[in-house]
Amino acid sequence: MIEPIIEIVDQLDPGKVYQELSHPKSGGVCVFVGAVRDSTEGEEVVSLEFESYQSMALKEMRKIALEAAKKWELNAVVVRHAVGAKEIEEAVVVVGASAPHRDACFQACRYLIDTLKERVPIWKKEYFKNKTVWVSAHP
Amino acid sequence: MEVLLFGIAKDIVGQTLYSLGDSVDGPNSVLELKQHMVQQFPEFGKLSSLAIAVNSEYAADDVSLKQGDEIAIIPPVSGG
């Protein structure tokens, strides 16, 4: 596999990921893009803000990419997360993998986003009309 | 010794860095640090989870804390 692309950025451009994952030995490219939704449990969300513990987040994102590359035969992996204030419909996370066959890249893509959500030290604050909430902080 | 704070941990303490001072009775392990934080700021006890990172790696409760370590409170993560 080529060196995974691991980044935390202020502005995320989901358009460039295809180029990054395209590979002569890849017959399949799978990408997941997470975006800002306009509501949570029926309540209108105005905007979001992401904060990261950058050095650790990059380390964890890289570990997850390498774990995926061990589990499946992959040619390229991208794990990129945005931080800062985000508006409705903005892309906030892009993960993707390319592989000789589609099964590997579908499964790897799912693993990348699910594990990122479990482990990577990034925090999301939801801004509602009259309150703010750190997502998942409380049971 | 100082502790980095992020997300809701920053809001609970009211700053981005929490100083443990140089006292010998300060927390010596990850478990003691968790107990110290919950004691000083009971709001930590109400979180879904509370993890500690030492030198930017998740650290188990028995890991000891040494001068010069980079220590951070990791409240429940919510990226993606």
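Where a number appears in this text, it was derived from the coordinates with a stated rule and is not lab data. Model, not experiment: these values are computed from the prediction. Note: ideal-geometry Cβ built from the backbone for every residue, glycine included; neighbour counts use all protein chains shown.
So in the stretch A:1-12, with the set limited to residues that are touching a residue at least 24 places away in the same chain (Cβ under 8 Å), in a loop (DSSP other than H, G, I, E, B) and not polar (S, T, N, Q), which one is nearest to A:K59 (Cα to Cα)?
Going through the qualifying residues, I end up with A:P4.
Give me a count of the residues in the stretch A:38-62 that are touching a residue at least 40 places away in the same chain (Cβ under 8 Å) and closer than 16 Å to A:H81 by Cα.
13
Being surrounded by fewer than 22 Cβ atoms within 10 Å (Cβ to Cβ), in contact with a strand residue (DSSP E or B) (Cβ under 8 Å, 6 or more places away or on another chain) and facing chain B (nearest Cβ under 9 Å) narrows it down to one residue among A:K117, A:K86, A:K125; which is it?
After applying the criteria, what remains is A:K125.
Residue by residue through the stretch B:5-54, note down the ones that are assigned to a helix (DSSP H, G or I) and either among the hydroxyl-bearing types (S, T, Y) or facing chain A (nearest Cβ under 10 Å) (or both).
Within the stretch B:5-54, B:G7, B:I8, B:A9, B:K10, B:D11, B:I12, B:E43, B:K46 meet the criteria.
Which residue, of A:L74, A:L48, A:L66, is assigned to a loop (DSSP other than H, G, I, E, B) and either crowded, with 16+ Cβ neighbours inside 10 Å or among the aliphatic types (A, V, I, L, M) (or both)?
Values: A:L48 fails: assigned to a loop (DSSP other than H, G, I, E, B); A:L66 fails: assigned to a loop (DSSP other than H, G, I, E, B).
Just a single option satisfies the conditions, and that option is A:L74.
Hey, does the stretch A:32-41 have a residue that's part of a helix (DSSP H, G or I) and among the hydroxyl-bearing types (S, T, Y)?
First, the residues of the stretch A:32-41 that are part of a helix (DSSP H, G or I): none.
Taking every residue of the stretch A:32-41 in turn, none turns out to be part of a helix (DSSP H, G or I) and among the hydroxyl-bearing types (S, T, Y).
Which pairs have Cβ atoms under 7 Å, sit 6 or more apart or on different chains, and link a residue in the stretch A:19-32 that is in contact (Cβ under 8 Å) with a residue 40 or more places away in the chain and of a type in the set (F, W, Y) to one that is surrounded by 17 or more Cβ atoms within 10 Å (Cβ to Cβ) and not in a helix (DSSP H, G or I)?
A:F32/A:V95; A:F32/A:G96
Which residue, of A:K125, A:K117, is of a type in the set (D, E, K, R), out of contact with any His (no Cβ under 6 Å at 6 or more places or on another chain), within 24 Å of B:I73 (Cα to Cα) and not in a strand (DSSP E or B)?
Going through A:K125, A:K117 in turn, just one is of a type in the set (D, E, K, R), out of contact with any His (no Cβ under 6 Å at 6 or more places or on another chain), within 24 Å of B:I73 (Cα to Cα) and not in a strand (DSSP E or B): A:K117.
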